[in-house]
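Engineer: What follows is a single structure, and I will ask about it in a moment.
Values in this text are rule-based calculations from the coordinates and carry no lab data. Just so it is clear, the model here is predicted, and its values are computed rather than measured. Positions of Cβ are generated from backbone atoms using ideal geometry, with glycine treated the same way; all protein chains shown enter the neighbour counts.
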Amino acid sequence: MLVNASSSGNIKPTIIFEKFCQFVGIDISPLAYQVTRLETYTDTAKDGDVHRFISLAEVG
């Protein structure tokens, strides 16, 4: 899943997963799973442009 973890957005993947589990009626302990960030991306959009996310490794 791609989430906004910037200082202005800061949506935590664990919160999304907890709410999804509540939605489907699954009771799961926070200790039963682990969230691992595989990559960090940046948005290349400027003033109304289409959002395009690229890996920070691509930026250099």
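Engineer: Assign unit charges at the C-beta atoms only (+1 for Lys and Arg, -1 for Asp and Glu), then state the dipole size of the chain relative to its Cα centre in Debye, rounded to the nearest 20. Spell out each step's value before the answer.
Structural biologist: On the way: 5 positive and 7 negative charges, 20 e Å.
So the magnitude is around 100 debye.
Engineer: Report the gain in length on full extension from Asp49 to Leu2: 0.36 nm times residue separation, minus Cα-Cα distance, nm rounded to one decimal.
Structural biologist: Values: separation 47, 0.36 × 47 = 16.92 nm, distance 1.90 nm.
Taking Asp49 through Leu2 to full extension adds about 15.0 nm, to one decimal.
Engineer: Can you give me the distance in nm between label points at Leu56 and Ile28, each placed 7 Å from the Cα along the Cα-to-Cβ direction?
Structural biologist: Distance between the two pseudo-spin positions: 2.6 nm.
Engineer: If you line up the long axis of helix 13-24 against the longest principal axis of the chain, both from Cα atoms, how many degrees apart are they, to the nearest 10?
Structural biologist: Orientation of helix 13-24: about 50 degrees from the principal axis.
Engineer: Would you grab the residues whose amide H sits under 5 Å from the one on Ala5? Only those 5+ places off in sequence or on another chain, please, with H modelled 1.01 Å from N.
Structural biologist: Asn10, Ile11
Engineer: Same structure again: How would the chain be classified by its alpha-carbon gyration tensor: rounded, prolate or oblate, with rounded meaning a/c under 1.5 and the a/b versus b/c comparison settling the rest? Can you show the working numbers first?
Structural biologist: Values: a/c = 3.25, a/b = 2.05, b/c = 1.58.
It is prolate, given that a/c is not under 1.5 and a/b is the larger ratio.
Engineer: Let me ask you something else. Exactly which GluC sites (Glu not before Pro) in region 8-60 are in a DSSP loop and have at most 10 other Cβ atoms within 10 Å?
Structural biologist: Numbers: sites: Glu18, Glu39, Glu58; in loops: Glu39.
Qualifying residues, ordered by number: Glu39.
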